[in-house]
1. Restrict the check to the range 369-384 and report whether at least one residue is part of a helix (DSSP H, G or I) and open to solvent by less than 50 Å² (accessible area, probe 1.4 Å).
2. Since Asp187 meets every condition but one in (1) in a loop (DSSP other than H, G, I, E, B); (2) open to solvent by 10 Å² or more (accessible area, probe 1.4 Å), which condition does it not meet?
3. Tell me, please, whether a residue that is charged (D, E, K, R), over 30 Å from Ala424 (Cβ atoms) and at pLDDT 95 or above can be found in the range 323-330.
4. Can you list residue pairs whose Cβ atoms sit under 8 Å apart, with the first residue in the range 289-317 being farther than 21 Å from Ser373 by Cβ and the second being β-branched (Val, Ile, Thr) and open to solvent by 30 Å² or more (accessible area, probe 1.4 Å)? Count only pairs 6 or more apart in sequence or on different chains.
5. Among the residues of the range 7-23, write down those that are open to solvent by 40 Å² or more (accessible area, probe 1.4 Å) and either part of a helix (DSSP H, G or I) or modelled with pLDDT under 95 (or both).
6. Which condition breaks for Val304 when tested against (1) at pLDDT below 95; (2) surrounded by 22 or more Cβ atoms within 10 Å (Cβ to Cβ); (3) not polar (S, T, N, Q)?
7. Identify all residues within the range 240-277 that are over 20 Å from Leu337 (Cβ atoms), more than 22 Å from the chain's Cα centre (by Cα) and surrounded by fewer than 22 Cβ atoms within 10 Å (Cβ to Cβ); write none if there are none.
8. What's the number of the only condition in (1) within 23 Å of Tyr315 (Cβ to Cβ); (2) touching a residue at least 60 places away in the same chain (Cβ under 8 Å); (3) out of contact with any Asp or Glu (no Cβ under 9 Å at 6 or more places or on another chain); (4) open to solvent by 70 Å² or more (accessible area, probe 1.4 Å) that Lys388 fails to meet?
Amino acid sequence: MKPAFSDGVMNSETLQASMRGELLRPDHQEYDSARQIHNGMIDHRPALIARCEDAEDVVRAVNYARQHQMLISVLGGGHGVCGFAVCDHGLMIDLSRMNKIHVDPALGTARAEAGVNWGDFDRETQIFGLATTGGLVRTTGIAGLTLAGGYGFLMRKHGLTCDNLFSADVVAADGSRLTASAAHNPDLFWGLRGGGGNFGIVTSFEYRLHPVGSVYGGLVIYPIEQARKLIRHYDAFIATAPDNLGPLFILGTLPDGTKAAILLLCYLGSREEGERCLAPLLAGGTPIVNQLCEMPYGAVQSIVENFNPRGMRNYWKSTYLDTITEEAADMMVDRFLAAPSPYSHLVLYTLGGAMARVKPETTAVEHRHARHSMLIVSMWEGMADDEKNMAWARQLFGGMDRHSHGGYYTNFESDAGAERIHLAYGPEKFKKLQALKDKYDPTNFFRLNQNIRPSV
């Protein structure tokens, strides 16, 4: 594709005239705010931004971009740390105004458009005491999370987000509208559940919902001096923990500058059940603060937002871990203490439970049997500090390599080069995903993503 600074921009009035939504050019007063995303490092400048109101607007934008050989990017409702949502010189397809949600409590399902975020989704489903596995931050978009697999507090009990997907409506590279489900285009449905945005633009998702009421959860904070012992204790505890527990282990810095080891816990059940479950875990150290209490599910979903405010500069790396050795625990703590920014942190997203019992061949998601997905979040304020903060994340990632299960989770990876993408899926699934790319997007029209290139 060639850059979109030629007839695509010159003739953009035809696109605007055909759309229900709004087309922004660089001189529009809302252009700069529309191109800004969660990661402050991303400063791309699209030639045009199509604010779509419905799926037909998406079709028109896709057809226009294809006809004018324009590079496209797709913005859903959330974060996208890699910055794929915003292109330089091309057409940015903005789905954020497509935010309708319909809950059917009798069937236990919800259909949501691709611009919805998890805060809005949870608010609507919790009216009926229902939920599905969703992002740990309310401002996370449902689209990007679902298409990568989908981690959340409920995944050990109810599986990944994509395991709870019934169907998806898709706009393909040729502008056609498809339904992907077990009954319609099942090959595409398989690829959408973990394969990201490689095969089309999903405009709506239909999910299975589960009864979720109050939970027992919150933060338990320990002095950093206890971190090495706590990591090992946590790793041993979680090996036999019940599915009802959705836990994270974090090395982070408190608002007063104190470095700490932090448990963020969500137990699906009563306070009494949660206390019994967590007592052996909490016995592994002496906390500074224990904030565990019974709370609405939506409240525990809001806690992580305090660790990653919008507009900070972000560079992430990730890997999967199995049993955490003493050497691995020491490296995590030592490197965390050497972080050049107080905003940087490490997170163990603990897997297992229901998500690990899904047959691997069911979806494109790989590495279901790892115990943890380790996320390295390098986060800082100023451009002048870019190199040292990125170097810190890379050094820690490289040091953990010999302890790694292998692979990475695509939503947690800033170095998204095409030469590495096969590591996320393994050879057999990558081959199958590439065959889907050949079928549904042979020209690689959708290439601003964790890109699976066509075979030809």
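1. No: zero hits.
2. Every listed condition holds for Asp187 apart from (1).
3. No, that holds for no residue.
4. Final answer for the pair search is Arg310/Thr139.
5. Answer for the range 7-23, where residues must be open to solvent by 40 Å² or more (accessible area, probe 1.4 Å) and either part of a helix (DSSP H, G or I) or modelled with pLDDT under 95 (or both): Asp7, Val9, Met10, Asn11, Glu13, Thr14, Gln16, Ala17, Ser18.
6. (2)
7. Once the filter is applied, which keeps residues that are over 20 Å from Leu337 (Cβ atoms), more than 22 Å from the chain's Cα centre (by Cα) and surrounded by fewer than 22 Cβ atoms within 10 Å (Cβ to Cβ), the range 240-277 yields Thr240, Ala241, Pro242, Gly269, Ser270, Arg271, Glu272, Glu273, Glu275, Arg276, Cys277.
8. Every listed condition holds for Lys388 apart from (2).
The values are calculated or read from the model by the stated rules, or taken from the named source; none is laboratory data. Since the model is a prediction, treat every value here as computed from it, not as a measurement. As a convention, Cβ positions derive from the backbone with ideal geometry for all residues, glycine included, and neighbour counts pool all protein chains shown. Please note that ligands, DNA and RNA were not included when accessible areas were found on the heavy atoms of the full protein model with its side chains. Shrake-Rupley method; radii C 1.70, N 1.55, O 1.52, S 1.80 Å.
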